[in-house]
1. Show me, for segment 215-222, the HN-Hα J-couplings you get by feeding each phi into the Karplus relation (A = 6.51, B = -1.76, C = 1.60, θ = phi - 60°), rounded to Hz, glycine and proline as x.
2. Rounded to the nearest 500, what is the chain's calculated 222 nm mean residue ellipticity when only DSSP H runs of at least 4 contribute -39500 (n - 2.57) each, over all residues?
3. Quick one: which residues, 5+ away or cross-chain, put their amide H under 5 Å from the amide H of E242? H built at 1.01 Å from N.
4. About the Cα centre, and with charges only on the beta carbon of Lys, Arg (+1) and Asp, Glu (-1), how big is the dipole of the chain? Nearest 20 debye, please.
5. Let me check something: with ligands and nucleic acids excluded, how do L164, L131 order by accessible area (1.4 Å probe), largest to smallest?
6. List, largest first, the extents of the alpha carbons of the chain along their principal axes, each in whole Å.
7. From the backbone phi of segment 184-194, what are the Karplus-calculated ³J(HN,Hα) couplings (6.51 cos²θ - 1.76 cosθ + 1.60, θ = phi - 60°) in whole Hz, Gly and Pro given as x?
8. Relative contact order, percent, of segment 133-285 when contacts are C-alpha pairs under 8 Å separated by at least 6 residues?
Amino acid sequence: MIDKKIQEQLLYKMLKIRILEEEIAKRYSEWKMRCPTHLSIGQEAVASAVCACLDTKDFAVSTHRAHGHYIAKGGSINQMIAEIYGKSTGCSGGKGGSMHLIDESVGFMGSTAIVGNTIPIGVGLGLSISLKQSNQVSCVFFGDGAVEEGAFYESVNFAVLKKLPVLFLCENNFYSVYSPLKVRQPQGRSIAEMVKGLGLPSDSGDGNDVEEVYIKTNKAVEQIRTGFGPFFLEFFTYRWREHCGPNYDNDIGYRTEEEYLNWKEKDPVETYKNKLIQNGWSKKECMSLEDNIFKEIQKAFEFAENSPFPEQKEAYTQEYKVLQTK
């Protein structure tokens, strides 16, 4: 049984991701966010539950669809929105946009637009943990399409060989842009079962059930911290909106409206909120939580609107970071 404090944390994280991304979608047509945005609406449970199992000192890296992971790991939403607005107060100085988010203060070590690109980076972070013996975990978020990249297999092989403290976290939403799994991978093959052949222990579950994700992830993270080595988790979920952008794209033929509606009925946020209310939470508690989050998000957009753009001379600063070694 998950205690109420964790339940509140899970609901808070999911609501924060949902409300913030819905606000991004609402405001995107204002043309003040001049970068591509990949929204994770519908997939909030995985990011929320996984990051609830990680400490601030633990590392996490992500993909082009990084908003949820960044928010759930504790990243500054003021700096995130400012980054999407291209402002100097953004988490990447206004030079990276939606797909290049970072907040080292909470262990969110970066996201990238290149599929599979952060997988070896996450493994490298795992190696640094192993060398320092710091008892941290490096969590690598990626989608089902990334397991088709050579970097994935090379990274897994190295992590298994060196018993690195890495959590490989696959969010399987069944599509790589507009290509379903059936045209990219052998039908009937389980990704979680496939990676066992690489010597990587694995498990899978319902990515729309936030408590199931939390329980399975918590168990995996505890094993990793004891020196167990890397672990692979695959959670099945579904993005509601278009691959890139604020709209819906069920009309262009790669998926059906019926499929979308079936998944929407499994809404992880509303399902969990209703479950908590049935188990004794009051509707007033939930409404108060949503109201406070909405106010926080409005302030983040005000912060972004009022922040300055970077000066031209900043275009080539912070391209590389020099690490100080002892």
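The values are calculated or read from the model by the stated rules, or taken from the named source; none is laboratory data. On a predicted model such as this, the values are computed, not experimentally measured, just so you know. With ideal geometry, Cβ positions are generated from the backbone for all residues, glycine too; neighbour counts draw on all protein chains shown. Accessible surface is based on the protein model in full, side chains and every heavy atom, while ligands, DNA and RNA are left aside. Shrake-Rupley method; radii C 1.70, N 1.55, O 1.52, S 1.80 Å.
1. 5, 5, 5, 4, 4, 5, 5, 4
2. On the way: 11 runs with 140 residues, N = 326.
The per-residue figure over the chain is -13500 deg cm²/dmol.
3. It is N247, Y248, D249, by chain and number.
4. Numbers: 38 positive and 43 negative charges, 162 e Å.
Dipole magnitude for the chain comes out near 780 debye.
5. Heavy-atom accessible area, descending, gives L131, L164.
6. 52, 49, 43
7. Each residue of segment 184-194 in turn: 10, 9, x, 5, x, 7, 8, 5, 4, 6, 4 Hz.
8. Values: 191 pairs, mean separation 39.2, N = 153.
Worked out over segment 133-285, it gives 26 percent.
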